[in-house]
Amino acid sequence: ALRTSVLRVPVDPFGQDQIVDIVMKWTDGPHTHVAVGVNAMVCNLAATNDDFHGKVMAADLSYADGQSVVWAARLLGGRVPERVATTDLIDALASISALTGKKLFFYGAKPGVAERAASQLRHVHPDLQVATRDGYVSHDGMPQLIDEINASGAHILFVGLGEPRQQDWVSQYRDRLTVPAILTCGGLFDWVSG
Ligand code: UDP
């Protein structure tokens, strides 16, 4: 399947079901993979910032998390089936994870927000296992956070620090993480927490 590049950012030609499939396959393997939701902000940052561009290129999967990106990719000849909103993606992944005993970790947003987002999802999916940490951990606190994420046994880590911060964080710490799937998710926890 061919990727389309929108302002140098690749967009994979997959819809939500395929993205869910791929991420759940990652959770069964020993290696760490990263998925990036591509929106207009990501494309604009990548167009002008080589460092950010390199970090986005290092992701294993890029999906169109914005209707403008879907349109742009199609105008450029790409076959992008649909917008894959991270808000829908998290619900699908939470649902399957609850059914299969996979664990989530939410890292990001102001204190209490990720925990409220987790509560909302547990309300819908009572068996869901999800640990949380706010997005204001100091540099000195990072080793402990990495240990905490690894010790949680999480299969899918959602990193919601906004751009470009979340790509910087993933690029800096992915080699120290044992979690098999990492998804960057911007302000998702604020959204899910209501
Ligand atoms: N955020 C965070 N740590 C930070 C800065 C921001 O966890 O040091 C969170 C913020 O609380 C919000 C998300 O990142 O949940 C997106 O932040 P912002 O609105 O600044 O970024 P954007 O939505 O523009 O990417």
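The numbers here are math on the coordinates, done by the rules we state, and not lab data. Computed from a predicted structure; not experimentally measured. Note that each Cβ is placed from the backbone with ideal geometry, even for glycine, and that neighbours are counted across all protein chains shown.
Could you put 33, 123 in order, starting from the residue whose Cβ has the fewest other Cβ atoms within 10 Å?
Working: 33 19, 123 9.
In order of increasing Cβ crowding within 10 Å: 123, 33.
Counting Lys and Arg as +1 and Asp and Glu as -1, what is the net charge of the other residues whose Cβ lies under 13 Å from the Cβ of residue 117? Show your work: numbers first, answer last.
Values: positive: 110, 116, 122, 133; negative: 91, 115, 134, 190.
Once all neighbours under 13 Å are counted, the net charge is 0.
What fraction, in whole percent, of alpha-carbon pairs in the stretch 4-193 exceed 24 Å separation? Display every interim value, and only then the final one.
Numbers: 6153 of 17955 pairs.
When every Cα pair of the stretch 4-193 is considered, 34 percent fall beyond 24 Å.
Suppose only helical runs count, i.e. DSSP H with n ≥ 4. What mean residue ellipticity at 222 nm does that imply for the chain under -39500 (n - 2.57) per run, divided by all residues and rounded to the nearest 500 deg cm²/dmol? Provide the component values of the computation, followed by the final result.
Values: 9 runs with 90 residues, N = 194.
So the helix-based figure for the chain works out to -13500 deg cm²/dmol.
So how do 25, 55 line up by other beta-carbon neighbours within 10 Å, fewest first?
On the way: 25 12, 55 22.
In order of increasing Cβ crowding within 10 Å: 25, 55.
Using the count of nearby Cβ atoms within 10 Å as a rough guide to exposure, how do 189, 14 rank from fewest to most?
So the residues, fewest neighbours to most, are 14, 189.
So between residue 82 and residue 95, what do we pick up on full extension, going 0.36 nm a residue minus the alpha carbon distance?
On the way: separation 13, 0.36 × 13 = 4.68 nm, distance 2.06 nm.
Difference between extended and current length: 2.6 nm.
At 0.36 nm per residue, minus the direct Cα-Cα distance, what do residue 51 and residue 146 gain on full extension? Give it in nm, one decimal, please. Let's see the in-between values first.
Working: separation 95, 0.36 × 95 = 34.20 nm, distance 2.32 nm.
My answer for the length gained is 31.9 nm.
What whole number of Å gives the distance from the Cα centroid of the stretch 45-95 to the Cα centroid of the stretch 149-194?
Rounded to whole Å, the Cα centres lie 16 Å apart.
Would you work out which of 193, 34, 72 lies farthest towards the positive end of the dipole of the chain? Charges go on Cβ: Lys and Arg +1, Asp and Glu -1.
Selected residue: 72.
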